[in-house]
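Participant: Can you read through this structure? Questions will come right after.
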């Protein structure tokens, strides 16, 4: 059965969402995210069947969602950030127990940096609490 390479196609979008779960990335939330997935689909040259497209997308996403050591352990819904149409690189996570540092709940800080050369102000810190 043939599958569409259109991002807006419901079946294609569901496939992308399913593959994104392991990275906690959600396509369509911002322009950089949309552009990343549009580009992945536009670069695909294989057969138009679900299995082939799934294999391609999974391999490309594994290369694009980079973590220096471990992937983030989100304490709420994940929100992998994008910059200039690419997933940012996960640098690390700092976990602070609620009873330390004046926080009322357990808190995690997630640090991301852009791929390629970057300036300090382009880094992103996401803060989540239980």
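The values are calculated or read from the model by the stated rules, or taken from the named source; none is laboratory data. Bear in mind the structure is a predicted one, so any value in this text is a computation, not a measurement. Using ideal geometry, Cβ is built from the backbone for each residue, glycine included, and neighbour counts are taken over all protein chains shown.
Participant: Pull up the stretch 101-114, narrow it to residues that are modelled with pLDDT under 95 and outside any strand (DSSP E or B), then point me to the one that is nearest to residue 72 (Cα to Cα).
Facilitator: Here the residue is 106.
Participant: So which of 48, 53 is in contact with a strand residue (DSSP E or B) (Cβ under 7 Å, 6 or more places away or on another chain) and over 14 Å from residue 85 (Cβ atoms)?
Facilitator: Only one candidate passes the filter, namely 48.
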